Amino acid sequence: MAGIYIHVPFCASFCTYCGFYSEVLRDSALAGRYVSALCSEASSQRGFFPQGAVIRTVYFGGGTPSLLSPSQFEDICAALAASFDLSAVEEFTVEVNPDDICRSGGRELLKAYRGCGVNRVSVGVQSFHDAHLKWMNRRHDAVEAEKAVELLTGSFGNVSLDLIFGYSGLTDEEWEADIRKAAALGVQHISAYQMSLDAGSMLSKLADKGCYAEPDEDACRRQYFLLQDVLDEEGFVQYEISNFCRPGFHSRHNSAYWAREPYLGLGPGAHSFDGGRRRSWNVSDLRAWLDGAAAEGETLSDADIYNEKVMLGLRTSAGVEATLIGESAKHNLSFDAATGRYSIGRRDMFVSDSIIRDYLKTD
């Protein structure tokens, strides 16, 4: 199994909490240059995958892919199809913002997605409370969020929705209402992330100035447990620290990351992995990438590979094979005799980072 990831580095504005690489899209000509360069990069990487690898997933992430026009999206898809065999693709995901779907050109955008083979859409809602959305500097309100999800579920049979918890000002009652609203809208997948102080984000700068204080760990733990319990009640299965799905609707693309399957990343800041020892990444600078800046990379050591298998595997409910960690397994892991695998217990997922560190090699 193999996948292709396309990084779209544009946003209409920056969210308060986000430290991911992107640029505010002010120049339509720059977007056109990006599309042309991406199509060229796809052609230049047609020999990337090892012989016999079958491309099963395509994922447009960002940034905000839904800022691309229908014709720009179609041009990129045509370039991918010209460079790679996409006949076996099972999952084709695009990340979208609610306001882009609700605007006047939203229906044309959805039509372009369907015409290009998109069968899964991930929508960044984050909250259904206007006060929190405004504080996050999101471009949509709660009404638009709900309308966008309804439009998406009416067009696609596989819709994922993002939520955020663990920030000051969010009450348990509001958080539970967000979770239940998401489930009631009929989505098949929910990703929920605890807000963190990402380097370079506005939130991090506010914290440095003493203008924002993170909630205490007990509050975040309580909201995480609430997330687990409500989604379990609503029929969702937790298959990774932050990801929940209705049976059969796990993200195949992201699951391939955790299984260390090969993937090709296209666009500024995108990462690639050959499935063995080689990882590489494009420069996180649009103009440098447009000017042909070479990708950087590293060759993984045996210890690196072991650590990746442990770190990625223990993020998931499937865990890792017992033979990987052997006698080093401690009481903080659960063992399934039927599968011969160790995994982190459901409640311990909240402190997974500290548990995983116990099993990493330092040399």
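When the stretch 260-299 is filtered for residues that are of a type in the set (A, V, I, L, M) and either in contact (Cβ under 8 Å) with a residue 24 or more places away in the chain or in contact with a Cys (Cβ under 6 Å, 6 or more places away or on another chain) (or both), the ones remaining, listed by number, are Leu264, Leu266, Ala270, Leu286, Leu290.
Checked against (1) under 24 Å from Trp258 (Cβ atoms); (2) in contact with a strand residue (DSSP E or B) (Cβ under 9 Å, 6 or more places away or on another chain), Leu170 passes all but a single condition, namely (1).
Looking only at the stretch 77-127, count every residue that is assigned to a helix (DSSP H, G or I) and of a type in the set (Phe, Trp, Tyr) and tell me the total.
Residues of the stretch 77-127 assigned to a helix (DSSP H, G or I): 77-83, 98-102, 106-116.
Then drop every residue that is not of a type in the set (Phe, Trp, Tyr), which leaves 113.
Qualifying residue count, the stretch 77-127: 1.
Of all residues in the stretch 141-160, none are closer than 24 Å to Pro215 by Cα, surrounded by 24 or more Cβ atoms within 10 Å (Cβ to Cβ) and at pLDDT 95 or above. The residue that is nearest to Ala213 (Cα to Cα), counting only those in the stretch 11-54 that are among the aromatic types (Phe, Trp, Tyr) and out of contact with any Gly (no Cβ under 8 Å at 6 or more places or on another chain), is Tyr17.
Among the residues in the stretch 131-143, are any of a type in the set (Gly, Ala, Ser), within 25 Å of Asp229 (Cα to Cα) and in the same structural domain as Cys15 (by TED's automatic domain parsing)? Don't jump to the end; show me each part of the working.
If we filter the stretch 131-143 for residues that are of a type in the set (Gly, Ala, Ser), which is where we start, we get 131, 142.
Still in the running and within 25 Å of Asp229 (Cα to Cα): 142.
In the following step, the residues that additionally are in the same structural domain as Cys15 (by TED's automatic domain parsing) were identified as 142.
Yes, there is a match, as at least one residue in the stretch 131-143 is of a type in the set (Gly, Ala, Ser), within 25 Å of Asp229 (Cα to Cα) and in the same structural domain as Cys15 (by TED's automatic domain parsing).
Only one entry in Gly292, Gly265 is on the phi > 0 side of the Ramachandran plot, small (Gly, Ala, Ser) and either buried (at least 17 other Cβ atoms within 10 Å of the Cβ) or outside any strand (DSSP E or B) (or both), namely Gly292. Only residues that are over 22 Å from Ile356 (Cα atoms), not in a loop (DSSP other than H, G, I, E, B) and not aliphatic (A, V, I, L, M) were counted in the stretch 229-257, giving 6. If you go through the stretch 40-87 and keep only what is out of contact with any Phe, Trp or Tyr (no Cβ under 8 Å at 6 or more places or on another chain) and among the polar types (S, T, N, Q), you end up with Ser40, Ser43, Ser44, Gln45, Gln51, Ser66, Ser69, Ser71, Gln72, Ser83, Ser87. Do the conditions hold for Ile101, that is, is it assigned by TED's automatic domain parsing to the domain that holds Ser251 and touching a Phe, Trp or Tyr at 6+ places or on another chain (Cβ under 8 Å)? Criteria not met by Ile101. Residue check: is Gln238 touching a Lys or Arg at 6+ places or on another chain (Cβ under 8 Å), farther than 30 Å from Ile55 by Cβ and buried (at least 17 other Cβ atoms within 10 Å of the Cβ)? No: the conditions fail for Gln238.
Total residues in the stretch 126-138 satisfying the condition of being buried (at least 22 other Cβ atoms within 10 Å of the Cβ) and farther than 14 Å from Thr16 by Cα: the figure is 1. Taken over the stretch 39-72, residues that are surrounded by 20 or more Cβ atoms within 10 Å (Cβ to Cβ) and part of a loop (DSSP other than H, G, I, E, B) amount to 5. For residues that are of a type in the set (Asp, Glu) and out of contact with any helix residue (DSSP H, G or I) (no Cβ under 7 Å at 6 or more places or on another chain), tally how many sit in the stretch 1-35. So the count comes out to 1. Within the stretch 296-316, does at least one residue satisfy the condition of being at pLDDT 95 or above, within 25 Å of Val89 (Cβ to Cβ), in a loop (DSSP other than H, G, I, E, B) and not assigned by TED's automatic domain parsing to the domain that holds Val118? Yes, because at least one residue in the stretch 296-316 is at pLDDT 95 or above, within 25 Å of Val89 (Cβ to Cβ), in a loop (DSSP other than H, G, I, E, B) and not assigned by TED's automatic domain parsing to the domain that holds Val118.
The values are calculated or read from the model by the stated rules, or taken from the named source; none is laboratory data. If you're wondering where the values come from, they're calculated on a predicted model, not measured in any experiment. Backbone-built Cβ (ideal geometry, glycine too); neighbour counts: all protein chains shown.
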